[in-house]
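Colleague: Encoded as structure tokens, here's the structure I'll be asking about.
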Amino acid sequence: MAQHRKLRLAMIGGGRNAFIGSIHRLAINMDGLAEIVAGALSSNEENAKLSGKDIFLDEDRTYTSYKEMISKESQKPADQKIDIVCIVTPNHLHFEPALLALQSGFHVAIDKPITFNTEEALQLKEALKVSGKKLLLTHTYTGYPMVKQGRQMVLSGIFGKIRKVFVEYPQGWLSTALEQTGNAQASWRTDPSKSGKAGAMGDIGTHAFNLAEYVSGLQVSAVCADINTVVEHRQLDDDGTVLLRFENGASGVLIATQVAAGEENNVKVRVYGENGGIEWQQADENTLKVMWPDKPAEIYRTGTPYVSSFASHNSRTPAGHPEGYLEAFANHYRNFFLTINAELNSETSQPEWLDYPGIEDGIRGMRFIDTVIESGKSNTKWVAFDN
């Protein structure tokens, strides 16, 4: 594909001491397809200016208000104007800048969950449709090559009808009341006015849910949730277990907890069909285990010649060299950039490029939050998932 220029990107949020902003910047820069040329990195004027200097932004493109940034960037000539607005703020600050960016003619990349509530997500879908632009939702874990390999194997039908799905996301960082110690990450993630109606289920449960649907190729139709707040005086859930029913009759279990003391981020998914199954975990991200009832298990590895085109396209190093979280993050950005460039150059996007999370994943994530919180508070055993 002809690459005539780098795409120009502006970032909202992600200033000094913001964890996820630096992750986004590393992922954006990894392939040289785009560059960050403007930013409203903080609502604090001093922090915004210092953060802009940290990443070498021009002073006249370092803003303290996203509204000012989008307005001024919209007025720049075509050879300077940004193409994409990247939003890496807390959940309650996702919708308004995303809506304004779309209405101003910019593509949008946004951290998950997509908005503060489902109503906002649905409004964003309509705005996206009207704008004709593209949207990336950074559900990191579906960017791993072996996750994509697993999905392609499931979709090929070699395992037969899918019967069972297990997905888990254990963390331990909120095992104590960290939000009471001044920790900024813990404070906003446990605050319902900033995080929304869910804590762990919104923060990491949506990742697990997205991974389960992506790898299985199935949509959840109903849930039965046990949602807990373990740490005393915490305002939102920090632990939960959810029984899942899928559209084809398969059953599943989703576990998301932030109070598993000592655990880091070992996301794990298993999918079983009539004829076999797969297992993937982030602690051994280059490996996909493929299981059969009548022969030994097989090990598929990243970077090898026998994997699918989707896994191969998203692999960056020769076999045996570890690829991890940053590369998975960058895979989503690269595919997003490639599709935008294809459109700019009047070319056709390859199927592998189109394999990144978008608005529909965002809406389903918000409905997952609604449904598990409703189920967790209800005496009803099962709550139907609004598809």
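For (1) touching a residue at least 40 places away in the same chain (Cβ under 8 Å); (2) part of a strand (DSSP E or B); (3) of a type in the set (A, V, I, L, M, F, W, C), each residue gets a yes or a no:
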| residue | (1), (2), (3) |
| --- | --- |
| HIS4 | yes, no, no |
| MET11 | yes, yes, yes |
| ARG16 | no, no, no |
| GLY21 | yes, no, no |
| HIS24 | yes, no, no |
| ALA27 | yes, no, yes |
| ALA38 | yes, yes, yes |
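Colleague: Against the conditions (1) over 20 Å from the mean Cα position of the chain (by Cα); (2) under 21 Å from HIS139 (Cα atoms); (3) surrounded by 20 or more Cβ atoms within 10 Å (Cβ to Cβ), where does SER375 fall short? Just the number, please.
Modeller: Exception for SER375: condition (2).
Colleague: Same structure, new question: Out of curiosity, is VAL259 touching a Ser or Thr at 6+ places or on another chain (Cβ under 7 Å), within 12 Å of GLY150 (Cβ to Cβ) and either in the same structural domain as ALA222 (by TED's automatic domain parsing) or outside any loop (DSSP other than H, G, I, E, B) (or both)? Explain how you work it out, then say what you get.
Modeller: On the way: touching a Ser or Thr at 6+ places or on another chain (Cβ under 7 Å): yes; within 12 Å of GLY150 (Cβ to Cβ): no; either in the same structural domain as ALA222 (by TED's automatic domain parsing) or outside any loop (DSSP other than H, G, I, E, B) (or both): yes.
Taking the combined requirement at face value, the residue does not satisfy it.
Colleague: For segment 121-134, which residues satisfy the criterion of being among the charged types (D, E, K, R) and either in contact (Cβ under 8 Å) with a residue 40 or more places away in the chain or surrounded by fewer than 16 Cβ atoms within 10 Å (Cβ to Cβ) (or both)?
Modeller: Here is the first cut: in segment 121-134, the ones among the charged types (D, E, K, R) are 125-126, 129, 133-134.
Selection gives LYS125, GLU126, LYS129, LYS134.
Colleague: Go through (1) closer than 30 Å to SER251 by Cβ; (2) surrounded by 18 or more Cβ atoms within 10 Å (Cβ to Cβ); (3) in the same structural domain as THR241 (by TED's automatic domain parsing) for HIS313 and report which single condition fails.
Modeller: (1)
Colleague: Return the residue satisfying two criteria in turn: it lies in segment 339-372 and is under 22 Å from LYS6 (Cα atoms) and either of a type in the set (D, E, K, R) or in the same structural domain as GLN219 (by TED's automatic domain parsing) (or both), and of such residues it is surrounded by the most Cβ atoms within 10 Å (Cβ to Cβ).
Modeller: Top of the filtered list is ASP355.
Colleague: Could you please give the count of residues in segment 100-143 that are of a type in the set (A, V, I, L, M, F, W, C), part of a loop (DSSP other than H, G, I, E, B) and under 16 Å from LEU9 (Cα atoms)? Steps first, answer last, please.
Modeller: Kept after step one, since they are of a type in the set (A, V, I, L, M, F, W, C), are these residues of segment 100-143: 100-102, 106, 108-110, 114, 116, 121-122, 124, 127-128, 130, 135-137.
Those still in the list that are part of a loop (DSSP other than H, G, I, E, B) too: 106, 114, 116.
Cutting the leftovers down to under 16 Å from LEU9 (Cα atoms) gives us 106.
Going through segment 100-143 one residue at a time, the tally reaches 1.
The values are calculated or read from the model by the stated rules, or taken from the named source; none is laboratory data. All values reported here derive from a predicted model rather than from experimental measurement. Methodologically, a virtual Cβ is constructed for each residue, glycine included, from the backbone with ideal geometry; neighbour enumeration extends over all protein chains shown.
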